[in-house]
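All remarks here apply to the structure that follows.
The values are calculated or read from the model by the stated rules, or taken from the named source; none is laboratory data. Quick caveat, the model's predicted, so the values are computed rather than measured. Ideal geometry is used to build each Cβ from the backbone, glycine not excepted, and the neighbour counts take in all protein chains shown.
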Amino acid sequence: MKWPANIVAHRLFALTVLVGVGIWFLIVPAVSGNLGANPLEKLLHQSGEIAIWTLGAVLSLTPLRVLFPASALVVALNRHRRAIGITACIYGLLHFGFHILYEGGWDGLVRSLTKPFIWFGLAGLSILIVLTLTSNLWSIRSLGAKNWKRLHRFAYLAAALLIYHQSIAGKGHWHTARWLLFPLLGLQLARIVKTLYIDRFFQNWPTPGRKHSVPDRPINQRYYVWPRSEAGTISAEQRLRLRPVALCHLPWIVDRPE
Amino acid sequence: MTPREPNEHAWQLPDSVVLPEELYLRRREFLRIVGLGFVGSALFADSLPAATAGFPDSLNSSFKLDGVKLTSEDSITSYNNFYEWGFGKEEPKESSNKGWKTEPWTLEIGGLCANPRKIEVNDLVKLVGGIERRNYRHRCVEAWSMVIPWDGFPLAKLIELSKPDSSAKFVRFTSFLDREACPGQRSNSLPWPYTEGLTLPEATNELAFVATGLYGKPLRNQNGAPIRLVVPWKYGFKSAKSLVKIEFITDQPRTTWNELASDEYGFYANVNPSVDHPRWSQASERVIGGGLFSGRRPTELFNGYAKQVAHLYEGLDLRKNF
């Protein structure tokens, strides 16, 4: 693996970034007295922001892997999916802790629990907690890969709930959410379009971990991936199927040169 | 003849160190400001506060708020909801002080009244007979609160001078519009300019106040320089900042936050612990300056000013007319 993918792939890198974000946005301002006039509110908002952006980061990994299967960086980032997901949950719990403090104790907390605004946050956080508790090999084995995957698709529901929670947190506007929502939706859309086309026209795609439905043909005879240049001989019929079918394929698929 | 280089001779002064003419002409005020101790703000002509008339003033002892701790000046001037200057609370302090001038500033008083006028703020202060200091509780709709020593004059005085017609039932307050200077106004997140309104009885109540300063100094830009409304028994958003127009009108005016989210921000917006905001409880408030573990203070009806204003709302369902 080449730089920077080899660094990014390292466990220490993930740990540094994931813990570092908390240190930089929560601990450094707290220690240096830069939390402003309403320090608890600042901690509340910062921890919530970190949580939701971390969740956004982990949800962008799958689409990125589908879209850029050849990128070593994306592959390296995908190694940290579990760590990033668990981190999102931990910052979410921290955010809830600050919320309890901000409400000033039990009475305030109970009063806040009557608000749909809080329900959305709590529902999202509950999902993250379940997903965190099942983020281990033992759970995958005992649930079975298929069920486990189904369960962990609830991360998308959690993201939807939490982005809504974040968007209505501001006073009558949801401009903050669009920076997260639209990129995530865009990535998912691109991923869906790509997967659908690949499934329909090529049956499979060289994504790490994805099972190929036509295992008997070598990879370089099934498609032509830029910039790999070595290509086996393929029939005219096969060549026809290699034609780019949508604009989104152009960066990755080109027709086999004569 | 070729123009001389600025520093050709040692005795030459660059233009930048010479007192601007307008300042020179107002040098007594200038000296007084320096004497009062805000050398910093006075040296930069750009951020020179406009409403300097009337300082120093003295505390009106009926509005002393005995035993209540004032919020620090630093908190009051660094934690501001002023969406014209950005959506974050720390943004206005930064973005409103990049050379935005409130000098000169003309306030228009108009609508249904016998004495409409356009008047410069300092002239207005002189016209109403100077300013006084009042310590007021300030309760934000976001459930935090401050105690602020405002300097200004009762709104009733201004209304008295304007002589509203008998058909005038409401007063509309309009803030400035400056899309070039204001990052917030360049987005269409709110219907600019910011407008607020009061009923005429509310506006003539002894508590309704027009502030030109706080902590004995002219208002800073982030606090609504040079002239703003202060309605202490209502949520903070009713107290429109940096006013350019006050009008007497017949019908209830459209007001900015009410227009944007009428289920969350009512026209009356009286502080009321038993009427919740849809997203949070209004039963208690976080007092700014309390620190991390300070807990919350129970919110009072009409922000503790029930004695002065409760009669205005007799027979009115405060739950419906929130």
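Brief remarks on what is shown
- Count - residues of the stretch B:209-241 that are under 10 Å from the mean Cα position of the chain (by Cα), under 16 Å from B:ILE131 (Cα atoms) and in a loop (DSSP other than H, G, I, E, B): 4
- Residue in the stretch B:150-157 that is touching a residue at least 12 places away in the same chain (Cβ under 8 Å), closer than 30 Å to B:GLY295 by Cα and of a type outside the set (Asp, Glu) present: yes
- Once the stretch B:295-322 is narrowed to residues that are in contact with a strand residue (DSSP E or B) (Cβ under 7 Å, 6 or more places away or on another chain) and within 14 Å of chain A (Cβ to nearest Cβ), the residue that is nearest to A:GLU103 (Cα to Cα) is B:ARG296.
- Qualifying residue in the stretch B:105-112 (condition: among the charged types (D, E, K, R) and in contact with a helix residue (DSSP H, G or I) (Cβ under 9 Å, 6 or more places away or on another chain)): no
- Checked against the criterion of being within 14 Å of chain A (Cβ to nearest Cβ) and either touching a His at 6+ places or on another chain (Cβ under 8 Å) or crowded, with 23+ Cβ neighbours inside 10 Å (or both), the candidates B:ALA211, B:ALA225, B:ALA240, B:ALA143 yield just one match: B:ALA143.
- When the criteria are applied in full, B:SER167 meets the requirement of being touching a residue at least 60 places away in the same chain (Cβ under 8 Å), surrounded by fewer than 22 Cβ atoms within 10 Å (Cβ to Cβ) and in the same structural domain as B:GLY236 (by TED's automatic domain parsing).
- Residue in the stretch B:203-216 that is of a type outside the set (A, V, I, L, M, F, W, C), touching a residue at least 24 places away in the same chain (Cβ under 8 Å) and touching a Phe, Trp or Tyr at 6+ places or on another chain (Cβ under 6 Å) present: no
- Checking A:TRP106 against (1) more than 19 Å from A:TYR156 (Cα to Cα); (2) at pLDDT 90 or above, the condition it does not meet: (2)
- Checking each residue in the stretch B:112-139 for being surrounded by fewer than 16 Cβ atoms within 10 Å (Cβ to Cβ) and either over 11 Å from B:SER162 (Cβ atoms) or not assigned by TED's automatic domain parsing to the domain that holds B:GLU285 (or both) picks out B:LYS118, B:ASP123, B:LYS126, B:GLY129, B:GLY130.
- Residues of the stretch B:279-288 that turn out to be at the interface with chain A (Cβ under 7 Å from one of its Cβ atoms) and part of a loop (DSSP other than H, G, I, E, B), as a count: 5
- Hits in the stretch B:264-278 (condition: within 20 Å of A:SER112 (Cβ to Cβ) and either more than 10 Å from chain A (Cβ to nearest Cβ) or free of Cβ contacts under 8 Å to residues at least 12 places away in the same chain (or both)): B:VAL271, B:ASN272, B:PRO273, B:SER274, B:VAL275, B:ASP276
- Answer residue from the stretch B:71-120, given it is in a strand (DSSP E or B) and among the basic types (Lys, Arg) and is nearest to the other protein chains (Cβ to nearest Cβ) among those: B:LYS118
- Lone unmet requirement of (1) under 18 Å from B:SER294 (Cα atoms); (2) out of contact with any Leu (no Cβ under 7 Å at 6 or more places or on another chain); (3) buried (at least 19 other Cβ atoms within 10 Å of the Cβ) for A:VAL66: (1)
- Residues (among the small types (Gly, Ala, Ser), in contact (Cβ under 8 Å) with a residue 12 or more places away in the chain and facing chain B (nearest Cβ under 8 Å)) located in the stretch A:86-128: A:SER112
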